[in-house]
Amino acid sequence: MTAKIPLLIDTDPGVDDALALLMAFNDPGHDIVGLTIAAGNVGLGHTVRNALKLCEIAGRADLPVHAGCADPLLHPSVDAAHVHGVDGFGDVGYPPAAQGPQAEHAALAILRLSHEYAGELLLVALGPLTNIAVALKLDPTLPGRIKRFVVMGGAVSAHGNITPAAEFNIAFDPEAAHVVLQAFPHLELADWEAVVAHGFLHARVEQWLQADSPRARFYELIYRQTRGWSADRRGDHWHSADALAMAMALQPEGVLEQVDRPVAVELAGTLTRGATVVDWNRQTGRPDNATVLVRYDQDHFESLVRAALAAG
Ligand code: RIB
Ligand code: CA
């Protein structure tokens, strides 16, 4: 029997984070060893409560949830409450989870788990990279113990979603993203442009949400606000960024096309702060530090999402 892959998820739930977490909960090949929580989509208090609630709904109240940094490293940023709701979960007024977070800070949990699962750990980042940057500042040797590092973030041709040039996770804390990209010799990147190319028809998502399961019923509630916002602005497809990154992380065999390139973060640009600048023509001489997702098997992706929602 193949041993399960230890999986650590850093996340800022967020409605699309929630879908990615449900996918991870439903994957038999991975053992979730912790959830570390970032501020981003909404404030840290909300993202922690949302993570705890989703674990409870999914029957995973056993999972350790670690609160992380409440703010970006240097500059304050605007949240994404307009997309996810003020509380990050569609403002449905759910009763709080019975269980609380761990006392250990997210950055310390990341370091501890990197030692406990040295050389085996799959680290998936679904939010701003503040917690991982702080962990790196505490212990620069962290990357050497991480087997795979998958990041949802960036916009590799500057088609941003929060500014014309930048994607939300990177733009929320560009300095953290810079620290992380400088420290990790390699990461796998599911950027916003790949997300846009792998949308779901809203009508199809509505079908999936008819599944008779507590996860589907809860998700149908928290998704409504995002659905409305998305339909108004992006038409008949919904784009679940973190779900695509989680598909790449959990089932890399579904990747149909990817490309390796040097990627860096713009920190100073007036119009471009937070942009992920890809050296497409290798003009800088920097090494390829990112494997950028281009195409994922859409049918396989949708089957993972549908199964995650229907899981009992
Ligand atoms: O740009 C999309 C990303 O920003 C997703 O991770 C979403 O949850 C928000 O964090
Ligand atoms: Ca997220």
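The values are calculated or read from the model by the stated rules, or taken from the named source; none is laboratory data. Treat the numbers as computed from the prediction; the structure is a model and nothing was measured. Cβ sites come from the backbone with ideal geometry, for glycine too, and all protein chains shown count toward neighbours. Note: accessible area is taken over every heavy atom of the protein model, side chains too, but ligands, DNA and RNA are not part of it. Shrake-Rupley method; radii C 1.70, N 1.55, O 1.52, S 1.80 Å.
Taking the condition under 17 Å from residue 223 (Cα atoms), open to solvent by 10 Å² or more (accessible area, probe 1.4 Å) and within 16 Å of ligand 2 (Cβ to nearest atom), does residue 12 pass?
no
Quick test for you: out of 110, 170, 132, pick the one residue that is within 16 Å of residue 6 (Cβ to Cβ), under 18 Å from the mean Cα position of the chain (by Cα) and assigned to a helix (DSSP H, G or I).
After ruling out the rest, the residue left standing is 110.
Name the single residue, out of those in the stretch 116-149 being away from ligand 2 (no atom under 13 Å from the Cβ) and among the β-branched types (Val, Ile, Thr), that is least open to solvent (accessible area, probe 1.4 Å).
Looking at residues that are away from ligand 2 (no atom under 13 Å from the Cβ) and among the β-branched types (Val, Ile, Thr), I get 132.
Residues in the stretch 34-53 that are within 13 Å of ligand 1 (Cβ to nearest atom) and open to solvent by less than 20 Å² (accessible area, probe 1.4 Å): how many?
Result for the stretch 34-53: 9.
Pick from 135, 118, 158, 97: which is over 16 Å from residue 40 (Cα atoms), at pLDDT below 95 and not charged (D, E, K, R)?
Within the list 135, 118, 158, 97, the selection yields 158.
All but one of (1) out of contact with any helix residue (DSSP H, G or I) (no Cβ under 9 Å at 6 or more places or on another chain); (2) within 28 Å of residue 6 (Cα to Cα); (3) surrounded by 14 or more Cβ atoms within 10 Å (Cβ to Cβ) hold for residue 292; state the number of the condition that does not hold.
(1)
Hey, among 228, 254, which residue is open to solvent by 10 Å² or more (accessible area, probe 1.4 Å) and either away from ligand 1 (no atom under 16 Å from the Cβ) or under 30 Å from residue 93 (Cβ atoms) (or both)?
228
Being polar (S, T, N, Q) and within 19 Å of residue 161 (Cβ to Cβ) is the filter here; which residues of the stretch 67-106 pass it?
Within the stretch 67-106, just 77 meets the criteria.
Among (1) under 21 Å from residue 229 (Cα atoms); (2) at pLDDT 95 or above; (3) assigned to a loop (DSSP other than H, G, I, E, B); (4) not acidic (Asp, Glu), which single condition is residue 78 missing?
Single failed check for residue 78: (2).
When the residues of the stretch 85-106 are filtered to those that are among the small types (Gly, Ala, Ser) and part of a loop (DSSP other than H, G, I, E, B), which remaining residue is farthest from residue 225 (Cα to Cα)?
Per the stated criteria, the residue is 103.
So in the stretch 54-82, with the set limited to residues that are open to solvent by 10 Å² or more (accessible area, probe 1.4 Å) and of a type in the set (Val, Ile, Thr), which one is farthest from residue 99 (Cα to Cα)?
Going through the qualifying residues, I end up with 78.
For the stretch 89-112, give me each residue that is charged (D, E, K, R) and more than 21 Å from residue 8 (Cα to Cα).
91
Name, by its number, the condition in (1) more than 14 Å from residue 11 (Cβ to Cβ); (2) within 13 Å of ligand 1 (Cβ to nearest atom); (3) open to solvent by 50 Å² or more (accessible area, probe 1.4 Å) that does not hold for residue 86.
The one condition residue 86 does not meet is (2).
Could you please find all residues in the stretch 173-204 being open to solvent by 10 Å² or more (accessible area, probe 1.4 Å), away from ligand 1 (no atom under 13 Å from the Cβ) and under 14 Å from the mean Cα position of the chain (by Cα)?
188
Tell me, yes or no, whether the stretch 268-287 has at least one residue that is acidic (Asp, Glu), open to solvent by 30 Å² or more (accessible area, probe 1.4 Å) and over 21 Å from the mean Cα position of the chain (by Cα).
No, every residue in the stretch 268-287 fails to be acidic (Asp, Glu), open to solvent by 30 Å² or more (accessible area, probe 1.4 Å) and over 21 Å from the mean Cα position of the chain (by Cα).
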